[in-house]
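Remarks on the structure that follows.
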């Protein structure tokens with residue numbers, strides 16, 4: 001077969017002595033099938049399985065208000081036809097994507113007639129909401145982002161959990177060990193706790209600027225009195241006519257010498 005210079009075809013010649021038993025598989029088929037299963041664009045909303053984009057919507061809905069009388073439910077989502085094809089997106093510097101519109105249902109319950117066991121529906125509103133755009137995969141298994149063809153590469157994902165470590169004395173000139181802890185959730189922002197050389201505890205959100213940990217504790221509803229109560233021991237006294245009565249906590253007196261006689265309710269000396 002004759003090849004011309006304009007076709008840009010490479011002649012591939014095999015020097016193997018054995019005939020190939022299996023054909024070379026289509027290596028992009030796995031990626032294309034996986035992304036098709038993620039979008040489920042060609043399937044009817046009622047027949048979609050709980051995976052991919054459908055699972056993402058189901059994990060976020062329903063959304064219930066603080067008082068429980070307003071609820072927003074997710075019905076279905078639709079992917080619109082892309083405005084430009086692959087070649088036009090490359091020429092214009094656009095992203096080859098499809099608009100995602102979700103149909104949601106807003107349910108308003110009657111406050112006067114509803115009870116904690118049964119709620120009376122007052123009003124139901126249903127509307128299609130624009131949620132953004134999702135990139136589409138081309139026939140080559142790639143994506144067009146701002147006119148540039150890009151591919152997805154595998155990336156290491158840190159396992160969720162709590163991790164404790166220290167700097168091995170390399171941060172401060174005195175060689176003091178500065179301990180830190182990192183909370184990695186399955187989904188959401190990372191939370192770091194770290195000590196400075198003066199033993200002051202700070203925290204960071206997504207590795208950004210550090211702030212005193214008291215700001216975080218106050219943000220979750222703790223008062224300064226509640227925070228201090230976790231670091232100090234409180235003794236409860238009850239004033240009486242003959243003196244004061246101290247609540248007896250045996251764990252606090254372990255290993256100490258009592259400075260006064262310990263009596264029971266009848267006045268008998270115990271220790």
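The values are calculated or read from the model by the stated rules, or taken from the named source; none is laboratory data. Predicted, not measured: the structure shown is a model, and the values here were computed from it. All Cβ positions, even for glycine, are placed from backbone atoms using ideal geometry, and neighbour counts span all protein chains on display.
Residues are listed down the side, and each one gets a yes or a no for (1) surrounded by 11 or more Cβ atoms within 10 Å (Cβ to Cβ); (2) in the same structural domain as residue 34 (by TED's automatic domain parsing); (3) without any contact (Cβ under 8 Å) to a residue 24 or more places away in the chain:
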{"site": "49", "(1), (2), (3)": "no, yes, yes"}
{"site": "54", "(1), (2), (3)": "yes, yes, yes"}
{"site": "58", "(1), (2), (3)": "yes, yes, yes"}
{"site": "66", "(1), (2), (3)": "no, yes, yes"}
{"site": "74", "(1), (2), (3)": "yes, yes, no"}
{"site": "80", "(1), (2), (3)": "yes, yes, yes"}
{"site": "85", "(1), (2), (3)": "yes, yes, yes"}
{"site": "89", "(1), (2), (3)": "yes, yes, no"}
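How many residues, within segment 197-225, are over 30 Å from residue 56 (Cβ atoms) and either touching a strand residue (DSSP E or B) at 6+ places or on another chain (Cβ under 9 Å) or in the same structural domain as residue 56 (by TED's automatic domain parsing) (or both)?
So the answer is 9.
Test residue 205 against the criterion of being modelled with pLDDT of 90 or more and either under 30 Å from residue 37 (Cβ atoms) or surrounded by 15 or more Cβ atoms within 10 Å (Cβ to Cβ) (or both), and give yes or no.
Against the criterion (modelled with pLDDT of 90 or more and either under 30 Å from residue 37 (Cβ atoms) or surrounded by 15 or more Cβ atoms within 10 Å (Cβ to Cβ) (or both)), residue 205 does not qualify.
Conditions: (1) out of contact with any strand residue (DSSP E or B) (no Cβ under 8 Å at 6 or more places or on another chain); (2) touching a residue at least 12 places away in the same chain (Cβ under 8 Å). Residue 103 meets all but one. Number of the miss?
Unmet for residue 103, out of (1) out of contact with any strand residue (DSSP E or B) (no Cβ under 8 Å at 6 or more places or on another chain); (2) touching a residue at least 12 places away in the same chain (Cβ under 8 Å): (1).
Test of understanding: among 41, 34, which residue is part of a helix (DSSP H, G or I), out of contact with any helix residue (DSSP H, G or I) (no Cβ under 6 Å at 6 or more places or on another chain), assigned by TED's automatic domain parsing to the domain that holds residue 143 and modelled with pLDDT of 85 or more?
34
Looking only at segment 148-168, count how many residues are under 21 Å from residue 188 (Cα atoms), over 16 Å from the mean Cα position of the chain (by Cα) and modelled with pLDDT of 90 or more.
2
On the given criteria, is residue 114 surrounded by 11 or more Cβ atoms within 10 Å (Cβ to Cβ), outside the structural domain of residue 183 (by TED's automatic domain parsing) and over 22 Å from residue 53 (Cα atoms)?
Judged against the criteria, residue 114 is a match.
Against the condition in contact with a strand residue (DSSP E or B) (Cβ under 8 Å, 6 or more places away or on another chain) and farther than 30 Å from residue 59 by Cβ, how does residue 194 come out, does it pass?
yes
Go through the residues of segment 203-224 one by one and say whether even a single one is assigned to a strand (DSSP E or B), closer than 26 Å to residue 178 by Cα and in contact with a helix residue (DSSP H, G or I) (Cβ under 6 Å, 6 or more places away or on another chain).
yes
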